[in-house]
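Student: Handing you a structure now.
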Amino acid sequence: MNVHLRTLLLFISTLYLTNGQNWDITNDIKDIFEDKTEDMKAFFDVQRSRVEKALNTGYVEAVKMKDSVSSYVDAQQRKISADINSYVESVKESSRKVADTWSYLPIEEPGARMEQPDLVLSVPGVIIRNGYPCETHTVVSEGYILNLHRIPHSKNNKDVPKKTVLLQHGLFASSADWILNGPEKGLAYVLSDAGYDVWMSNIRGNKYSKEHAWLKTNTKSYWNFSWHDIALHDLPAVIDYIVSIKKGDPNLTYIGHSMGTTILFAMLTLRPEYNNILKAGFALAPVVFMSDIKSPLKSLAPVASNIAYMEMLYGSHEFMPKNSALGRISSSCNEDNMDSMVCKNIIFYICGYNDKQFNKTLLPVFMRNLGTGTSWKTAVHFAQEVKSGGNFQQFDYESNNPRVYGAPTPPEYDLSKVTVPITLFWSENDLLSSEKDVQMLYDRLPATTRMYKIADPEFNHLDYLWAKDAPTLLNKKLLEYLDDTYKTGIGGFSISFNIGK
Ligand SMILES: *[C@@H]1O[C@H](CO)[C@@H](O)[C@H](O)[C@H]1NC(C)=O
Ligand SMILES: *[C@@H]1O[C@H](CO)[C@@H](O)[C@H](O)[C@H]1NC(C)=O
Ligand SMILES: *[C@@H]1O[C@H](CO)[C@@H](O)[C@H](O)[C@H]1NC(C)=O
(Lines give C-alpha, C1' and ligand atoms only; values in the text may rest on other atoms or scores of the structure.)
(Ligands and ions follow the chains in the order given, each with its own letter.)
Protein backbone atom coordinates (compact mmCIF):
# COMPACT_ATOMS: atom_id res chain seq x y z
CA MET A 1 0.00 0.00 0.00
CA ASN A 2 1.55 3.22 -1.07
CA VAL A 3 0.37 5.28 1.83
CA HIS A 4 0.31 8.74 0.57
CA LEU A 5 0.40 11.56 3.06
CA ARG A 6 -3.19 12.50 2.38
CA THR A 7 -4.25 9.17 3.73
CA LEU A 8 -1.92 9.37 6.62
CA LEU A 9 -3.18 12.76 7.52
CA LEU A 10 -6.71 11.58 7.11
CA PHE A 11 -6.29 8.54 9.26
CA ILE A 12 -4.51 10.51 11.91
CA SER A 13 -6.91 13.38 11.72
CA THR A 14 -9.84 11.09 12.26
CA LEU A 15 -8.30 10.09 15.52
CA TYR A 16 -8.64 13.60 16.78
CA LEU A 17 -12.22 13.88 15.74
CA THR A 18 -13.26 11.06 17.98
CA ASN A 19 -12.36 13.31 20.84
CA GLY A 20 -15.61 15.13 20.25
CA GLN A 21 -14.01 17.74 18.01
CA ASN A 22 -15.67 19.25 14.98
CA TRP A 23 -14.38 19.64 11.44
CA ASP A 24 -11.58 21.98 12.28
CA ILE A 25 -9.09 19.20 12.72
CA THR A 26 -6.18 20.97 11.14
CA ASN A 27 -5.33 22.79 14.32
CA ASP A 28 -5.66 19.76 16.55
CA ILE A 29 -3.06 17.88 14.57
CA LYS A 30 -0.80 20.82 14.19
CA ASP A 31 -0.87 21.42 17.93
CA ILE A 32 0.66 18.09 18.79
CA PHE A 33 3.37 18.25 16.20
CA GLU A 34 4.05 21.94 16.50
CA ASP A 35 4.49 21.66 20.25
CA LYS A 36 7.18 19.11 19.70
CA THR A 37 8.60 20.90 16.71
CA GLU A 38 8.96 24.15 18.66
CA ASP A 39 10.70 22.26 21.44
CA MET A 40 13.04 20.69 18.95
CA LYS A 41 13.82 23.93 17.20
CA ALA A 42 14.70 25.69 20.43
CA PHE A 43 16.83 22.76 21.44
CA PHE A 44 18.67 22.71 18.14
CA ASP A 45 19.36 26.44 18.27
CA VAL A 46 21.09 26.03 21.62
CA GLN A 47 22.92 22.92 20.49
CA ARG A 48 24.18 24.52 17.32
CA SER A 49 26.10 27.19 19.18
CA ARG A 50 27.37 24.67 21.71
CA VAL A 51 28.58 22.38 18.94
CA GLU A 52 30.32 25.27 17.25
CA LYS A 53 32.11 26.07 20.47
CA ALA A 54 32.90 22.44 21.10
CA LEU A 55 34.43 22.11 17.66
CA ASN A 56 36.93 24.75 18.67
CA THR A 57 37.84 22.95 21.89
CA GLY A 58 38.22 19.47 20.46
CA TYR A 59 36.82 16.58 18.50
CA VAL A 60 35.85 14.44 21.48
CA GLU A 61 33.65 17.18 22.87
CA ALA A 62 31.94 17.60 19.52
CA VAL A 63 31.18 13.90 19.24
CA LYS A 64 29.66 13.87 22.72
CA MET A 65 27.50 16.78 21.75
CA LYS A 66 26.35 15.03 18.60
CA ASP A 67 25.32 11.95 20.59
CA SER A 68 23.29 14.00 22.99
CA VAL A 69 21.46 15.60 20.06
CA SER A 70 20.53 12.31 18.49
CA SER A 71 19.29 10.85 21.74
CA TYR A 72 17.11 13.95 22.14
CA VAL A 73 15.66 13.43 18.65
CA ASP A 74 14.96 9.79 19.43
CA ALA A 75 13.18 10.75 22.60
CA GLN A 76 11.03 13.27 20.71
CA GLN A 77 10.09 10.68 18.10
CA ARG A 78 9.12 8.29 20.88
CA LYS A 79 6.97 10.95 22.50
CA ILE A 80 5.15 11.64 19.25
CA SER A 81 4.58 7.92 18.74
CA ALA A 82 3.24 7.55 22.26
CA ASP A 83 0.81 10.44 21.79
CA ILE A 84 -0.56 9.05 18.58
CA ASN A 85 -0.73 5.54 19.96
CA SER A 86 -2.91 6.67 22.81
CA TYR A 87 -5.27 8.22 20.27
CA VAL A 88 -5.28 5.02 18.26
CA GLU A 89 -6.28 3.17 21.40
CA SER A 90 -9.16 5.53 22.05
CA VAL A 91 -10.27 5.12 18.45
CA LYS A 92 -10.60 1.39 18.80
CA GLU A 93 -13.38 1.98 21.29
CA SER A 94 -15.36 4.27 19.03
CA SER A 95 -14.71 2.80 15.63
CA ARG A 96 -17.97 3.76 14.03
CA LYS A 97 -17.45 7.39 14.82
CA VAL A 98 -14.12 7.28 13.02
CA ALA A 99 -15.69 6.12 9.80
CA ASP A 100 -18.18 8.99 10.06
CA THR A 101 -15.41 11.50 9.96
CA TRP A 102 -14.25 10.35 6.54
CA SER A 103 -17.16 12.07 4.91
CA TYR A 104 -16.87 14.28 1.92
CA LEU A 105 -16.34 17.98 2.41
CA PRO A 106 -15.51 20.10 -0.63
CA ILE A 107 -13.05 22.94 -0.24
CA GLU A 108 -11.12 25.27 -2.49
CA GLU A 109 -7.97 24.05 -4.17
CA PRO A 110 -4.98 25.74 -2.58
CA GLY A 111 -3.12 27.94 -5.04
CA ALA A 112 -0.03 26.43 -6.54
CA ARG A 113 3.26 28.23 -6.24
CA MET A 114 4.71 29.18 -9.58
CA GLU A 115 8.34 29.24 -8.53
CA GLN A 116 8.25 25.45 -8.44
CA PRO A 117 6.93 24.51 -11.88
CA ASP A 118 6.62 20.83 -10.96
CA LEU A 119 3.87 21.87 -8.57
CA VAL A 120 1.58 22.78 -11.43
CA LEU A 121 2.77 20.69 -14.37
CA SER A 122 1.23 17.35 -15.29
CA VAL A 123 3.46 14.31 -15.71
CA PRO A 124 4.07 14.85 -19.45
CA GLY A 125 4.79 18.53 -18.73
CA VAL A 126 7.46 17.68 -16.18
CA ILE A 127 9.05 15.05 -18.42
CA ILE A 128 9.22 17.40 -21.38
CA ARG A 129 10.55 20.22 -19.18
CA ASN A 130 13.41 17.86 -18.36
CA GLY A 131 14.20 17.40 -22.03
CA TYR A 132 12.76 13.91 -22.53
CA PRO A 133 10.08 13.03 -25.06
CA CYS A 134 6.73 11.98 -23.64
CA GLU A 135 3.63 10.48 -25.22
CA THR A 136 0.21 9.83 -23.74
CA HIS A 137 -1.60 6.66 -24.84
CA THR A 138 -5.16 5.75 -24.04
CA VAL A 139 -6.49 2.28 -23.31
CA VAL A 140 -10.15 1.58 -22.59
CA SER A 141 -10.92 -1.20 -20.13
CA GLU A 142 -14.48 -1.95 -19.05
CA GLY A 143 -15.30 1.60 -20.08
CA TYR A 144 -12.60 3.16 -17.88
CA ILE A 145 -10.41 5.44 -19.97
CA LEU A 146 -6.85 4.79 -18.84
CA ASN A 147 -4.02 7.12 -19.76
CA LEU A 148 -0.50 5.77 -19.99
CA HIS A 149 2.54 8.00 -20.08
CA ARG A 150 5.45 6.87 -22.18
CA ILE A 151 9.05 7.99 -22.60
CA PRO A 152 9.64 6.30 -25.94
CA HIS A 153 13.39 6.89 -26.04
CA SER A 154 16.01 8.75 -24.08
CA LYS A 155 17.01 12.37 -24.35
CA ASN A 156 20.16 11.74 -26.33
CA ASN A 157 19.46 8.61 -28.31
CA LYS A 158 16.50 8.61 -30.65
CA ASP A 159 16.73 4.92 -31.60
CA VAL A 160 13.66 2.94 -30.68
CA PRO A 161 14.68 0.82 -27.67
CA LYS A 162 14.45 -2.96 -27.96
CA LYS A 163 13.50 -3.45 -24.33
CA THR A 164 10.34 -2.23 -22.67
CA VAL A 165 9.37 -1.66 -19.03
CA LEU A 166 5.96 -1.04 -17.58
CA LEU A 167 5.97 0.89 -14.30
CA GLN A 168 2.94 0.55 -12.04
CA HIS A 169 2.41 2.98 -9.16
CA GLY A 170 0.82 2.25 -5.78
CA LEU A 171 -2.19 3.38 -3.77
CA PHE A 172 -3.25 7.05 -3.90
CA ALA A 173 -0.54 7.64 -6.48
CA SER A 174 -0.01 8.09 -10.20
CA SER A 175 2.61 7.87 -12.93
CA ALA A 176 4.20 10.89 -11.19
CA ASP A 177 5.77 8.43 -8.73
CA TRP A 178 8.45 7.54 -11.24
CA ILE A 179 9.62 11.01 -12.23
CA LEU A 180 9.42 13.23 -9.16
CA ASN A 181 12.92 12.40 -8.02
CA GLY A 182 14.22 14.15 -11.15
CA PRO A 183 16.32 13.04 -14.13
CA GLU A 184 19.33 11.66 -12.24
CA LYS A 185 17.30 9.62 -9.77
CA GLY A 186 13.74 9.05 -10.91
CA LEU A 187 13.38 5.52 -12.20
CA ALA A 188 11.57 6.46 -15.42
CA TYR A 189 14.43 8.71 -16.56
CA VAL A 190 17.10 6.29 -15.39
CA LEU A 191 15.51 3.44 -17.34
CA SER A 192 15.10 5.63 -20.40
CA ASP A 193 18.80 6.56 -20.28
CA ALA A 194 19.64 2.87 -19.92
CA GLY A 195 17.90 2.12 -23.22
CA TYR A 196 14.37 1.13 -22.24
CA ASP A 197 11.07 2.12 -23.75
CA VAL A 198 9.36 3.28 -20.55
CA TRP A 199 5.59 3.04 -20.01
CA MET A 200 3.86 4.29 -16.87
CA SER A 201 0.27 3.27 -16.28
CA ASN A 202 -2.38 5.09 -14.26
CA ILE A 203 -5.02 3.01 -12.55
CA ARG A 204 -8.73 3.60 -13.06
CA GLY A 205 -10.12 6.38 -10.91
CA ASN A 206 -6.82 8.22 -10.45
CA LYS A 207 -6.36 11.74 -11.70
CA TYR A 208 -5.08 10.71 -15.14
CA SER A 209 -7.59 7.88 -15.63
CA LYS A 210 -10.76 9.39 -14.27
CA GLU A 211 -13.02 9.33 -17.33
CA HIS A 212 -15.41 6.53 -18.15
CA ALA A 213 -17.09 5.86 -21.45
CA TRP A 214 -20.61 5.69 -19.99
CA LEU A 215 -20.48 6.01 -16.20
CA LYS A 216 -20.41 9.30 -14.33
CA THR A 217 -17.83 9.57 -11.55
CA ASN A 218 -20.51 10.28 -8.96
CA THR A 219 -22.18 6.89 -9.31
CA LYS A 220 -21.91 3.72 -7.27
CA SER A 221 -21.22 1.71 -10.39
CA TYR A 222 -18.17 3.80 -11.26
CA TRP A 223 -16.48 3.24 -7.87
CA ASN A 224 -17.49 -0.42 -7.66
CA PHE A 225 -13.97 -1.87 -8.00
CA SER A 226 -10.93 -2.92 -6.01
CA TRP A 227 -7.43 -3.77 -7.18
CA HIS A 228 -8.84 -7.17 -8.06
CA ASP A 229 -10.70 -5.65 -11.03
CA ILE A 230 -7.60 -3.73 -12.09
CA ALA A 231 -5.61 -6.98 -12.06
CA LEU A 232 -8.31 -8.92 -13.88
CA HIS A 233 -9.14 -6.38 -16.62
CA ASP A 234 -7.07 -3.21 -16.76
CA LEU A 235 -3.51 -4.47 -16.47
CA PRO A 236 -4.10 -7.16 -19.12
CA ALA A 237 -5.64 -4.49 -21.40
CA VAL A 238 -2.62 -2.24 -20.88
CA ILE A 239 -0.19 -5.08 -21.61
CA ASP A 240 -2.15 -6.11 -24.72
CA TYR A 241 -1.98 -2.53 -25.92
CA ILE A 242 1.80 -2.33 -25.45
CA VAL A 243 2.18 -5.68 -27.23
CA SER A 244 0.19 -4.33 -30.17
CA ILE A 245 2.20 -1.08 -30.33
CA LYS A 246 5.41 -3.09 -30.19
CA LYS A 247 4.17 -5.23 -33.07
CA GLY A 248 3.73 -8.39 -31.08
CA ASP A 249 7.12 -8.56 -29.39
CA PRO A 250 7.38 -6.16 -26.48
CA ASN A 251 10.38 -7.63 -24.60
CA LEU A 252 8.40 -6.42 -21.60
CA THR A 253 9.36 -6.31 -17.92
CA TYR A 254 7.02 -5.14 -15.17
CA ILE A 255 8.11 -3.01 -12.22
CA GLY A 256 5.56 -2.25 -9.52
CA HIS A 257 5.69 -0.34 -6.24
CA SER A 258 3.50 -1.25 -3.28
CA MET A 259 -0.06 -1.78 -4.61
CA GLY A 260 1.58 -2.03 -8.04
CA THR A 261 2.95 -5.35 -6.78
CA THR A 262 -0.42 -6.50 -5.41
CA ILE A 263 -1.92 -5.96 -8.86
CA LEU A 264 0.91 -7.88 -10.54
CA PHE A 265 0.55 -10.98 -8.37
CA ALA A 266 -3.24 -10.95 -8.59
CA MET A 267 -3.04 -10.73 -12.39
CA LEU A 268 -0.48 -13.53 -12.70
CA THR A 269 -2.84 -15.84 -10.78
CA LEU A 270 -6.12 -14.71 -12.42
CA ARG A 271 -4.73 -14.48 -15.97
CA PRO A 272 -1.79 -16.91 -15.91
CA GLU A 273 -1.25 -16.51 -19.68
CA TYR A 274 0.48 -13.21 -18.86
CA ASN A 275 3.29 -15.16 -17.20
CA ASN A 276 4.37 -15.96 -20.74
CA ILE A 277 4.18 -12.40 -21.99
CA LEU A 278 6.23 -10.73 -19.28
CA LYS A 279 9.96 -11.43 -19.24
CA ALA A 280 10.25 -10.67 -15.53
CA GLY A 281 8.50 -8.94 -12.67
CA PHE A 282 10.11 -6.61 -10.13
CA ALA A 283 8.26 -5.94 -6.89
CA LEU A 284 9.41 -2.90 -4.92
CA ALA A 285 8.06 -2.95 -1.34
CA PRO A 286 5.76 -5.91 -2.04
CA VAL A 287 2.29 -5.83 -0.55
CA VAL A 288 0.74 -9.26 -0.82
CA PHE A 289 0.56 -10.77 2.63
CA MET A 290 -0.17 -8.23 5.33
CA SER A 291 0.11 -10.31 8.47
CA ASP A 292 2.89 -8.24 9.99
CA ILE A 293 2.47 -4.59 9.08
CA LYS A 294 4.10 -2.43 11.70
CA SER A 295 2.45 0.83 10.78
CA PRO A 296 -0.17 2.27 13.15
CA LEU A 297 -2.58 2.11 10.21
CA LYS A 298 -2.96 -1.50 11.25
CA SER A 299 -5.17 -0.47 14.17
CA LEU A 300 -7.65 1.06 11.77
CA ALA A 301 -8.22 -2.10 9.72
CA PRO A 302 -11.23 -3.25 11.77
CA VAL A 303 -12.95 0.05 11.03
CA ALA A 304 -11.92 0.33 7.40
CA SER A 305 -13.11 -3.19 6.66
CA ASN A 306 -16.70 -2.36 7.57
CA ILE A 307 -18.25 -2.90 4.13
CA ALA A 308 -21.71 -1.49 4.73
CA TYR A 309 -20.42 1.60 6.39
CA MET A 310 -17.67 2.32 3.90
CA GLU A 311 -20.04 1.83 0.98
CA MET A 312 -22.57 4.11 2.57
CA LEU A 313 -20.02 6.88 3.00
CA TYR A 314 -17.95 6.43 -0.14
CA GLY A 315 -20.08 4.38 -2.50
CA SER A 316 -20.63 7.10 -5.04
CA HIS A 317 -17.48 9.17 -4.91
CA GLU A 318 -13.76 8.95 -4.53
CA PHE A 319 -12.33 7.62 -1.30
CA MET A 320 -10.24 10.44 0.14
CA PRO A 321 -10.69 12.99 -2.59
CA LYS A 322 -8.27 15.84 -2.84
CA ASN A 323 -10.80 18.44 -1.79
CA SER A 324 -11.93 16.72 1.38
CA ALA A 325 -11.14 17.66 4.93
CA LEU A 326 -7.79 15.99 4.67
CA GLY A 327 -7.02 18.00 1.58
CA ARG A 328 -7.18 21.01 3.85
CA ILE A 329 -4.51 19.58 6.08
CA SER A 330 -2.25 18.30 3.37
CA SER A 331 -2.38 21.66 1.60
CA SER A 332 -0.42 23.01 4.52
CA CYS A 333 2.31 20.55 3.55
CA ASN A 334 2.69 22.51 0.33
CA GLU A 335 4.23 25.43 2.14
CA ASP A 336 7.91 25.65 2.77
CA ASN A 337 7.62 26.31 6.47
CA MET A 338 7.33 24.62 9.80
CA ASP A 339 4.40 22.57 8.59
CA SER A 340 6.67 20.53 6.41
CA MET A 341 8.24 19.26 9.61
CA VAL A 342 4.79 18.30 10.78
CA CYS A 343 4.21 16.43 7.52
CA LYS A 344 7.59 14.79 7.73
CA ASN A 345 6.91 13.54 11.23
CA ILE A 346 3.64 11.99 10.13
CA ILE A 347 5.22 10.30 7.13
CA PHE A 348 8.00 8.93 9.29
CA TYR A 349 5.60 7.70 11.90
CA ILE A 350 3.50 5.78 9.40
CA CYS A 351 6.17 4.65 6.95
CA GLY A 352 9.35 4.48 9.01
CA TYR A 353 11.84 7.08 10.18
CA ASN A 354 14.53 7.97 7.65
CA ASP A 355 15.87 11.48 7.73
CA LYS A 356 18.93 10.60 5.66
CA GLN A 357 16.94 9.88 2.52
CA PHE A 358 14.33 12.58 2.97
CA ASN A 359 14.60 15.49 0.51
CA LYS A 360 12.66 18.38 1.98
CA THR A 361 12.59 20.29 -1.32
CA LEU A 362 10.64 17.46 -2.91
CA LEU A 363 7.94 17.32 -0.25
CA PRO A 364 5.51 19.88 -1.71
CA VAL A 365 5.89 18.53 -5.23
CA PHE A 366 5.43 15.00 -3.99
CA MET A 367 2.31 15.97 -2.06
CA ARG A 368 0.84 17.81 -4.96
CA ASN A 369 1.43 15.18 -7.60
CA LEU A 370 0.58 12.12 -5.65
CA GLY A 371 -2.71 13.30 -4.28
CA THR A 372 -5.27 11.14 -5.94
CA GLY A 373 -8.07 9.04 -4.56
CA THR A 374 -9.24 5.52 -5.04
CA SER A 375 -12.38 3.48 -4.48
CA TRP A 376 -13.83 2.60 -1.11
CA LYS A 377 -13.61 -1.05 -2.17
CA THR A 378 -9.84 -0.84 -2.66
CA ALA A 379 -9.45 0.52 0.86
CA VAL A 380 -11.73 -2.15 2.28
CA HIS A 381 -9.93 -4.91 0.35
CA PHE A 382 -6.61 -3.88 1.90
CA ALA A 383 -8.15 -3.61 5.34
CA GLN A 384 -9.47 -7.16 4.87
CA GLU A 385 -5.95 -8.34 4.03
CA VAL A 386 -4.65 -6.87 7.26
CA LYS A 387 -7.52 -8.25 9.28
CA SER A 388 -7.17 -11.73 7.80
CA GLY A 389 -3.63 -11.85 9.21
CA GLY A 390 -1.96 -13.33 6.14
CA ASN A 391 -4.44 -14.29 3.43
CA PHE A 392 -4.04 -13.10 -0.15
CA GLN A 393 -7.64 -13.44 -1.22
CA GLN A 394 -10.43 -11.91 -3.27
CA PHE A 395 -12.81 -9.33 -1.86
CA ASP A 396 -14.75 -10.66 1.13
CA TYR A 397 -18.46 -9.95 0.65
CA GLU A 398 -19.17 -11.64 4.00
CA SER A 399 -22.77 -12.91 4.01
CA ASN A 400 -22.96 -12.33 0.25
CA ASN A 401 -19.99 -14.59 -0.51
CA PRO A 402 -22.21 -17.56 -1.42
CA ARG A 403 -24.05 -15.42 -3.99
CA VAL A 404 -20.83 -14.00 -5.49
CA TYR A 405 -18.43 -16.97 -5.18
CA GLY A 406 -20.74 -19.90 -4.49
CA ALA A 407 -18.79 -20.44 -1.26
CA PRO A 408 -18.82 -18.96 2.24
CA THR A 409 -15.31 -17.51 1.93
CA PRO A 410 -13.62 -15.69 -0.95
CA PRO A 411 -11.16 -17.63 -3.13
CA GLU A 412 -7.44 -17.13 -2.48
CA TYR A 413 -5.15 -15.95 -5.24
CA ASP A 414 -3.25 -19.10 -6.14
CA LEU A 415 0.41 -18.04 -6.18
CA SER A 416 1.49 -21.42 -7.53
CA LYS A 417 0.27 -20.12 -10.91
CA VAL A 418 3.07 -17.54 -10.98
CA THR A 419 5.83 -18.78 -13.28
CA VAL A 420 7.51 -15.59 -14.46
CA PRO A 421 10.80 -14.78 -12.69
CA ILE A 422 10.25 -12.36 -9.85
CA THR A 423 12.59 -10.14 -7.88
CA LEU A 424 11.40 -8.82 -4.53
CA PHE A 425 13.01 -5.63 -3.20
CA TRP A 426 12.45 -5.05 0.48
CA SER A 427 13.88 -3.03 3.36
CA GLU A 428 14.09 -3.46 7.11
CA ASN A 429 12.44 -0.17 7.99
CA ASP A 430 9.38 -0.55 5.73
CA LEU A 431 6.49 -0.51 8.17
CA LEU A 432 4.03 -1.62 5.48
CA SER A 433 6.00 -4.44 3.87
CA SER A 434 7.74 -6.46 6.57
CA GLU A 435 10.47 -9.05 6.18
CA LYS A 436 8.14 -11.76 7.47
CA ASP A 437 5.47 -11.03 4.87
CA VAL A 438 7.96 -10.68 2.02
CA GLN A 439 9.58 -13.97 3.08
CA MET A 440 6.16 -15.63 3.08
CA LEU A 441 5.63 -14.42 -0.48
CA TYR A 442 9.10 -15.58 -1.51
CA ASP A 443 8.37 -19.04 -0.14
CA ARG A 444 5.23 -19.36 -2.28
CA LEU A 445 6.84 -18.18 -5.53
CA PRO A 446 8.84 -20.30 -8.01
CA ALA A 447 12.51 -21.20 -7.51
CA THR A 448 13.62 -18.47 -9.93
CA THR A 449 12.49 -15.82 -7.43
CA ARG A 450 15.09 -13.49 -5.93
CA MET A 451 14.90 -11.42 -2.79
CA TYR A 452 16.99 -8.26 -2.45
CA LYS A 453 17.36 -6.28 0.75
CA ILE A 454 18.02 -2.56 0.30
CA ALA A 455 21.39 -1.81 1.92
CA ASP A 456 20.16 1.13 4.03
CA PRO A 457 18.57 -0.27 7.22
CA GLU A 458 16.44 2.89 7.48
CA PHE A 459 15.00 2.79 3.95
CA ASN A 460 11.20 3.14 4.21
CA HIS A 461 8.12 2.45 2.09
CA LEU A 462 8.24 5.77 0.24
CA ASP A 463 12.00 5.98 -0.17
CA TYR A 464 11.66 3.87 -3.32
CA LEU A 465 10.14 6.97 -4.90
CA TRP A 466 12.17 9.84 -3.53
CA ALA A 467 15.29 8.69 -1.69
CA LYS A 468 18.24 11.05 -1.99
CA ASP A 469 20.50 8.05 -2.58
CA ALA A 470 18.18 6.23 -4.99
CA PRO A 471 21.00 5.73 -7.53
CA THR A 472 23.20 3.71 -5.15
CA LEU A 473 20.54 2.09 -3.00
CA LEU A 474 18.01 1.04 -5.62
CA ASN A 475 18.59 1.99 -9.24
CA LYS A 476 22.04 0.43 -9.62
CA LYS A 477 20.92 -3.01 -8.46
CA LEU A 478 17.67 -2.83 -10.40
CA LEU A 479 19.52 -2.04 -13.64
CA GLU A 480 21.93 -4.88 -12.95
CA TYR A 481 19.08 -7.37 -12.47
CA LEU A 482 17.33 -6.05 -15.58
CA ASP A 483 20.53 -6.56 -17.55
CA ASP A 484 20.61 -10.16 -16.33
CA THR A 485 17.04 -10.62 -17.43
CA TYR A 486 17.77 -9.51 -20.96
CA LYS A 487 21.29 -10.87 -21.35
CA THR A 488 21.31 -14.27 -19.81
CA GLY A 489 17.60 -14.75 -19.99
CA ILE A 490 17.63 -15.58 -16.28
CA GLY A 491 14.00 -16.04 -15.88
CA GLY A 492 13.95 -14.96 -19.43
CA PHE A 493 11.82 -16.58 -22.03
CA SER A 494 12.76 -17.07 -25.58
CA ILE A 495 9.78 -15.18 -26.99
CA SER A 496 7.21 -17.69 -25.87
CA PHE A 497 3.96 -15.84 -26.28
CA ASN A 498 1.48 -15.50 -29.04
CA ILE A 499 -0.56 -12.41 -29.37
CA GLY A 500 -4.26 -13.04 -29.55
CA LYS A 501 -3.96 -16.74 -28.97
C1 LIG B 1 14.93 -8.02 -26.63
O2 LIG B 1 16.02 -7.49 -25.91
C3 LIG B 1 17.26 -8.07 -26.22
C4 LIG B 1 18.29 -7.43 -25.31
O5 LIG B 1 18.44 -6.07 -25.58
C6 LIG B 1 17.60 -7.86 -27.69
O7 LIG B 1 18.82 -8.51 -28.00
C8 LIG B 1 16.48 -8.44 -28.53
O9 LIG B 1 16.72 -8.16 -29.89
C10 LIG B 1 15.14 -7.80 -28.12
N11 LIG B 1 14.07 -8.39 -28.87
C12 LIG B 1 13.28 -7.65 -29.64
C13 LIG B 1 12.23 -8.38 -30.38
O14 LIG B 1 13.40 -6.45 -29.75
C1 LIG C 1 -20.84 -4.08 -7.98
O2 LIG C 1 -20.20 -5.25 -8.42
C3 LIG C 1 -20.80 -6.41 -7.90
C4 LIG C 1 -19.92 -7.61 -8.25
O5 LIG C 1 -19.06 -7.36 -9.30
C6 LIG C 1 -22.21 -6.52 -8.44
O7 LIG C 1 -22.82 -7.68 -7.92
C8 LIG C 1 -23.00 -5.29 -8.03
O9 LIG C 1 -24.29 -5.31 -8.60
C10 LIG C 1 -22.28 -4.03 -8.45
N11 LIG C 1 -22.94 -2.87 -7.90
C12 LIG C 1 -23.13 -1.75 -8.59
C13 LIG C 1 -23.81 -0.63 -7.87
O14 LIG C 1 -22.75 -1.58 -9.74
C1 LIG D 1 16.35 17.44 -3.57
O2 LIG D 1 15.40 17.75 -4.57
C3 LIG D 1 15.71 18.87 -5.36
C4 LIG D 1 14.53 19.14 -6.28
O5 LIG D 1 14.31 18.08 -7.15
C6 LIG D 1 17.02 18.61 -6.12
O7 LIG D 1 17.34 19.72 -6.90
C8 LIG D 1 18.11 18.30 -5.12
O9 LIG D 1 19.28 17.93 -5.81
C10 LIG D 1 17.69 17.16 -4.19
N11 LIG D 1 18.70 17.00 -3.16
C12 LIG D 1 19.33 15.84 -2.94
C13 LIG D 1 20.36 15.86 -1.87
O14 LIG D 1 19.07 14.83 -3.56
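Student: Considering only the other residues whose Cβ falls under 11 Å of the Cβ of F392, what net charge follows from Lys and Arg at +1 and Asp and Glu at -1?
Tutor: Within the 11 Å Cβ shell, the charges total -3.
Student: Testing the spin-label approximation: label points 7 Å from Cα along Cα→Cβ at K468 and V140. State their distance in nm.
Tutor: Spacing of the two 7 Å Cα→Cβ label points: 4.9 nm.
Student: Ordered by residue, what ³J(HN,Hα) values in Hz, to whole numbers, does segment 440-448 give under the Karplus form 6.51 cos²θ - 1.76 cosθ + 1.60, where θ = phi - 60° and Gly and Pro are x?
Tutor: 4, 5, 3, 5, 8, 8, x, 4, 6
Student: What does the accessible area per residue of segment 128-500 come to in Å², with a 1.4 Å probe and no ligands, DNA or RNA counted?
Tutor: Normalised by residue count, the accessible surface of segment 128-500 is 34 Å².
Student: Which residues in segment 148-181 place their backbone N less than 12 Å from a point set 7 Å from the Cα of D249 along the Cα-to-Cβ direction?
Tutor: Zone members listed by number: 162-163.
Student: In the structure displayed, which of K210/K279; K155/K476; K360/K453; K279/K487 lie more than 22 Å apart, Cα to Cα?
Tutor: Those over the limit are K210/K279; K360/K453.
Student: Ignoring ligands, DNA and RNA, what percent of the accessible area of segment 128-500 is carbon or sulfur (1.4 Å)?
Tutor: Accessible surface attributable to carbon and sulfur in segment 128-500 totals 50 percent.
Student: Another one. In segment 144-293, what % of DSSP beta bridges are antiparallel (nearest 5)?
Tutor: Percentage antiparallel, nearest 5: 20.
Student: Here is a further query. What does the extension gain come out to for K158 and S68, with contour length at 0.36 nm per residue minus their alpha carbon separation? It would help to have the intermediate numbers written out before the result.
Tutor: On the way: separation 90, 0.36 × 90 = 32.40 nm, distance 5.43 nm.
Value of the extension gain: 27.0 nm.
Student: Can you give the FRET efficiency to the nearest 0.05 for D355 and N276, using r as the Cβ-Cβ distance and R₀ = 30 Å?
Tutor: After rounding to 0.05, the efficiency reads 0.10.
Student: For I454, what charge total do you get from the other residues with a beta carbon under 9 Å from its beta carbon, if Lys and Arg give +1 and Asp and Glu give -1?
Tutor: That works out to -2.
Student: Taking 0.36 nm per residue of sequence separation and subtracting the Cα-Cα distance, how much length would be gained by fully extending the chain between K477 and K436, in nm to one decimal?
Tutor: Between K477 and K436, full extension yields an extra 12.5 nm.
The values are calculated or read from the model by the stated rules, or taken from the named source; none is laboratory data. As the structure is a prediction and not an experimental result, all values here were calculated from the model. Virtual Cβ from ideal backbone geometry, glycine too; neighbours counted across all protein chains shown. Areas reflect the complete protein model, heavy atoms only, side chains present, ligands, DNA and RNA absent. Shrake-Rupley method; radii C 1.70, N 1.55, O 1.52, S 1.80 Å.
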